[in-house]
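J.: Once you've had a glance at the structure underneath, I'll fire off some questions.
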């Protein structure tokens, strides 16, 4: 008689951390929707008007916030090993 792996649901996610990740993703969206706050010429940074360098600054900020949200989601949703087919979670003793 062959032993079959036990079926389990995905581990529960930490909903508070998922909310934090959502907020991190929403920050640049909301900030860049407020066009009136940065649709101006000054202050200039070298030859670049405020409008240009402010948006470029948000490219960097958005990258940092997106990576941070990714790391938070990884922490919020713990990993549980799966079968080689990827269709079921394995028990701890099945991993040995």
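No lab work stands behind these numbers, since they all come straight from the coordinates. Because the structure is predicted, anything quoted here is derived from the model rather than measured. Virtual Cβ from ideal backbone geometry, glycine too; neighbours counted across all protein chains shown.
J.: Between residue 67 and residue 50, what is the spin-label point distance in nm, taking each point 7 Å from the Cα along the Cα→C-beta axis?
T.: Inter-label distance under the simple model: 2.9 nm.
J.: Which of rounded, prolate or oblate describes the stretch 12-56 when judged by the alpha-carbon gyration tensor and an a/c cut-off of 1.5?
T.: Prolate, since a/c reaches 1.5 and a/b exceeds b/c.
J.: To continue, here is another question. Roughly how many nanometres apart are two label points built 7 Å out from the Cα toward the Cβ at residue 33 and residue 84?
T.: Using points 7 Å along Cα→Cβ, the separation is 4.8 nm.
J.: Determine, for 77, 44, the number of other Cβ atoms within 10 Å of each Cβ, and report the residues in order from fewest to most.
T.: Sorted ascending by nearby Cβ count, the order is 44, 77.
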